[in-house]
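*Asks:* The following block contains the structure, expressed as structure tokens.
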Amino acid sequence: MTFRRPRDAPGAALRPAPRHRAILRSAVALVTVTALIGGGSQFTASRSGAVHAASPSATIQAVVPATTPTPSPTPTPSPAPTPAPKPVFSKSARKDLTRRVGSYLKGRSGQVSVQIQDLTTGLSYGYNADMRHATASIVKVDILVTLLLRAQREKRGLSRDERALATRMITQSDNNAADALWYKVGGSYGVAAANKKLKLRHTSVGPAGYWGATLTDVADQIRLLKSLTSKKSPLTAKNRAYALGLMGDVVSSQDWGVSAAAGRKDTTALKNGWLPRKIDGDLWTINSIGRVQGDDHDYLIAVLSSRTRSMGDGIATVEHVAEMVGKALTKAISASSAPKDA
């Protein structure tokens with residue numbers, strides 16, 4: 001900024017020129033407004049330097065910088081539960097069971113075959129499984145299945161008379177009812193045709209009227225039981241439940257056999273057979289087939305025996321063997337579900 005001394009006032013104090021004074025006033029006004037704004041008041045300065053109060057619509061707003069959103073933490077996935085180990089019936093356990101069953105049977109009369117399968121785990125075991133035995137009255141389950149398949153083929157339910165005969169045949173092992181249904185389904189030919197559909201490859205149906213002389217093995221009897229339990233069965237669910245219902249309602253004097261493998265809370269469905277055979281010198285055929293179902297198992301069991309000294313002796317043998325194989329599979333299943341030490 002340039003200053004000058006006036007010629008007509010020697011020694012006078014230095015003053016800014018008028019043009020410079022106007023510039024100075026404007027600068028002062030601008031500084032004042034800036035200060036006032038900083039203090040919270042709102043003013044505007046005109047070009048001439050006059051300061052005016054700002055109108056409400058001209059409010060100066062502070063600019064707030066945009067905040068960057070904080071990313072949400074990624075949740076840590078829960079660890080997948082460790083699957084329970086698959087039950088295993090080891091080779092050593094099978095060998096031990098075979099030794100124990102064989103040792104027991106050495107002191108008993110007759111010949112025995114057994115097979116057990118757990119539908120829950122798939123575990124199974126068989127002893128002397130290739131031997132065939134006469135069915136005696138367990139063939140009545142086969143006759144019932146043949147009757148149900150025939151009714152399905154004819155697209156009908158069982159008649160009142162058929163149901164009454166079936167009930168007596170299974171729950172009481174009534175032979176007259178079995179005779180009537182045997183001939184109703186076509187006798188040996190009808191049952192053999194049904195067995196072919198059920199894939200009972202080792203079962204030979206008895207000759208005319210001699211249904212109890214049908215020969216079978218434990219593997220085929222397990223297949224027959226599966227026709228009552230499997231969704232893949234040619235029988236409808238309703239007919240499967242009907243047959244198992246009859247087998248679960250046998251009279252108390254006939255509920256022996258594979259039921260020996262049942263725990264206190266288990267349910268059973270079974271059919272037994274007993275017959276002294278002349279061809280065996282009036283020695284007894286004692287058989288039991290059925291289902292034993294509990295919380296952690298669903299056993300299908302068939303125990304067949306021939307040439308035992310008496311009915312009572314044969315029943316005791318069948319029950320003891322059924323109990324032995326049932327306990328062995330239960331032990332294998334329990335071992336797989338038991339907690340392991342860390």
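Any read-out appearing in this document is the output of simple, stated calculations on the displayed coordinates, not a laboratory observation. Computed from a predicted model, the values in this text were never measured in an experiment. In this analysis, Cβ positions are derived from the backbone assuming ideal geometry, glycine residues included, and neighbour counts consider all displayed protein chains.
*Asks:* Which length gain, in nm to one decimal place, applies between ASN175 and ASP282 when the Cα-Cα distance is subtracted from 0.36 nm times their residue separation? Don't jump to the answer; show the numbers that get you there.
*Replies:* Details: separation 107, 0.36 × 107 = 38.52 nm, distance 1.92 nm.
Net length gain for the segment: 36.6 nm.
*Asks:* Choose one of THR216, VAL205, GLY245: the residue whose Cα lies farthest towards the positive end of the charge dipole of segment 204-254 (beta-carbon charges +1 Lys, Arg; -1 Asp, Glu; about the Cα centre).
*Replies:* GLY245
*Asks:* Where Lys and Arg each count +1 and Asp and Glu each count -1, what net charge lies around THR268 among other residues with Cβ under 14 Å from its Cβ? Spell out each step's value before the answer.
*Replies:* On the way: positive: ARG264, LYS265, LYS271, ARG291; negative: ASP249, ASP255, ASP266, ASP298, GLU319, GLU323.
Summing Lys/Arg as +1 and Asp/Glu as -1 gives -2.
*Asks:* Hey, rough spin-label estimate for ALA241 and ALA335, points 7 angstrom out along Cα→Cβ, what's it come to in nanometres?
*Replies:* 3.8
*Asks:* Right, another one. Once fully extended, how much extra length lies between LYS196 and LYS86, figured as 0.36 nm per residue of separation less the alpha-carbon to alpha-carbon distance? Kindly include the intermediate steps, with their values, before the conclusion.
*Replies:* Values: separation 110, 0.36 × 110 = 39.60 nm, distance 3.38 nm.
Going from the current span to full extension adds 36.2 nm.
*Asks:* Let me ask another. Under the definition of Cα pairs under 8 Å and six or more residues apart, what whole-number percent is the relative contact order of segment 163-208?
*Replies:* Details: 26 pairs, mean separation 11.8, N = 46.
Normalised by residue count, the contact order of segment 163-208 is 26 percent.
*Asks:* With the cut-off at 29 Å, tell me which of the pairs LYS197/LYS265; LYS106/LYS197; LYS226/LYS327; LYS231/LYS265; LYS86/LYS106; LYS91/LYS196 have Cα atoms farther apart than that. Could the numbers behind the result be given before it?
*Replies:* Details: LYS197/LYS265 35 Å; LYS106/LYS197 38 Å; LYS226/LYS327 21 Å; LYS231/LYS265 25 Å; LYS86/LYS106 34 Å; LYS91/LYS196 33 Å.
From the list (LYS197/LYS265; LYS106/LYS197; LYS226/LYS327; LYS231/LYS265; LYS86/LYS106; LYS91/LYS196), the Cα-Cα distance tops 29 Å for LYS197/LYS265; LYS106/LYS197; LYS86/LYS106; LYS91/LYS196.
*Asks:* A further question on this structure: Could you name the aspartates and glutamates whose alpha carbon sits less than 20 Å from that of LYS184, not counting residues in the same chain fewer than 8 places away?
*Replies:* ASP142, GLU154, ASP161, GLU162, ASP174
*Asks:* Run the simple label-point estimate for SER204 and SER109 please: 7 Å along Cα→C-beta, distance reported in nm.
*Replies:* With each label placed 7 Å out from Cα toward Cβ, I get 2.6 nm.
*Asks:* Turning to a different aspect of this structure: With r defined as the distance between the Cβ atoms of ARG100 and ARG153 and R0 fixed at 51 Å, what FRET efficiency is calculated, to the nearest 0.05? Can you show the working numbers first?
*Replies:* Working: r = 46 Å, r/R0 = 0.90.
About 0.65, to the nearest 0.05.
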